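The values are calculated or read from the model by the stated rules, or taken from the named source; none is laboratory data. Just so we're clear, the structure is a prediction, and the values are computed from it rather than from any experiment. Here the Cβ positions follow ideal geometry from the backbone for every residue, glycine too, while neighbour counts run over all protein chains shown.
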Amino acid sequence: MHIYVIIPVFNRQEYTRLCLQSLHQQDVQGFTIIVVDDGSTDNTSEMIREQFPEVICLLGDGNLWWVGSINMGIRHALTLGQPDDYILVINDDLTVPSNYISSLINAAAQKPKAIIGSVETLQTSPSIIKNGGTRVNWKIAKGKKINRGLPLDQFAEGTLVKVDRLTGRGTLFPSVVFREAGLYDEVHFRQCGDPELPLRANFKYGYPLFISYDAVVISYPGKGKSVNDKKNYTLSDFHEYFFGIRSHFNIKDKYWIAHNIAPNKFWFIRYYAFNLMRIIGRYLTRLRLRPAKG
């Protein structure tokens, strides 16, 4: 098997450099890295050419966003690869330990027909789980993070946990998934469409979703400026919260996820309605009409 690593980038040269450096230091080699630079103006592509000449760098025009960039990389990988190859989707604001690729290879050997995600930790506490996967109660559209805050060494080597949701933060696909289920939905999503494809592949094509607890991605602590990180909202956050391209609570995105995976109309209506109520409730319970004093 051959692995193609797809990384979308935009104006985060230092993050990109550190991500590529960690991939360059893997204990196995022979995989191909494809970076899609969607119009960076901070010389990211020049840095890649100078410091990582083995990396394939594709250029966008600034209008691809995350979904379009990932799809460009996947299409290129599919032209190069064979049916039994794998494609790894990962963001540039992550670094990985030296056994990351070999851990994914081992996990794929255990579950060759599965889509396999990564367990996430933080740079400030790399041995503690930040995101160990999500289980979803589909009847009420409620997700629950599992194993958050637990030490990684509590889990035996080779641990694979079945989950209901995967993102673009280190997810390994058998390339046949894209040939059978299609690519990411760039008609209805621009930035936050990464959970939709694994769900569609799972619901409609039977590909199970797992997270390997040996395959660790390490993220940087958030600074709380994004609408996704805020503990409280004001009325000025309304549009960004419900309709922002980068918002995890975008109600259009939630609509199309439900639409694309729903087995029937009743399931779609119920799931989207519960999701919508939860998103609205989250905003209202955190709404502050007046800024806090002090």
Checklist outcome for this item: Sole miss for Glu180 among (1) farther than 20 Å from Ile251 by Cβ; (2) among the acidic types (Asp, Glu); (3) part of a loop (DSSP other than H, G, I, E, B) is condition (3)
Checklist entry - Does at least one position in segment 28-40 carry a residue that is closer than 18 Å to Asp93 by Cβ, at pLDDT 95 or above and more than 21 Å from the chain's Cα centre (by Cα)? => result no
Checklist entry - Which of the residues spanning segment 94-134 are surrounded by fewer than 17 Cβ atoms within 10 Å (Cβ to Cβ) and either touching a Lys or Arg at 6+ places or on another chain (Cβ under 6 Å) or under 22 Å from Gln13 (Cα atoms) (or both)? => result Ser98, Leu122, Gln123, Thr124
Item to check | Residues of segment 188-225 that turn out to be surrounded by fewer than 14 Cβ atoms within 10 Å (Cβ to Cβ) and out of contact with any helix residue (DSSP H, G or I) (no Cβ under 9 Å at 6 or more places or on another chain), as a count | outcome: 6
Next on the checklist: Among (1) buried (at least 22 other Cβ atoms within 10 Å of the Cβ); (2) over 24 Å from Pro126 (Cβ atoms); (3) among the hydrophobic types (A, V, I, L, M, F, W, C), there is one condition Val5 misses while meeting the rest; what is its number?
Outcome noted: (2)
Next on the checklist: With under 21 Å from Ala109 (Cα atoms), out of contact with any strand residue (DSSP E or B) (no Cβ under 7 Å at 6 or more places or on another chain) and in contact (Cβ under 8 Å) with a residue 40 or more places away in the chain as the only criterion, which of Arg169, Arg179, Arg246 stands out?
Outcome noted: Arg179
Checklist entry - Any idea how many residues of segment 59-84 are of a type in the set (Gly, Ala, Ser) and either modelled with pLDDT of 95 or more or under 18 Å from the mean Cα position of the chain (by Cα) (or both)? => result 4
Item to check | Filter result (in contact (Cβ under 8 Å) with a residue 40 or more places away in the chain, among the polar types (S, T, N, Q) and either farther than 22 Å from Pro151 by Cα or assigned to a strand (DSSP E or B) (or both)) within segment 107-129 | outcome: Gln110, Ser118, Thr121
Next on the checklist: Please go through segment 130-147 and give me each residue that is β-branched (Val, Ile, Thr) and free of Cβ contacts under 8 Å to residues at least 40 places away in the same chain, ordered by number.
Outcome noted: Thr134, Val136, Ile146
Checklist entry - So which of Arg148, Arg135 ends up being of a type in the set (Lys, Arg), in a strand (DSSP E or B), at pLDDT 95 or above and touching a strand residue (DSSP E or B) at 6+ places or on another chain (Cβ under 9 Å)? => result Arg135
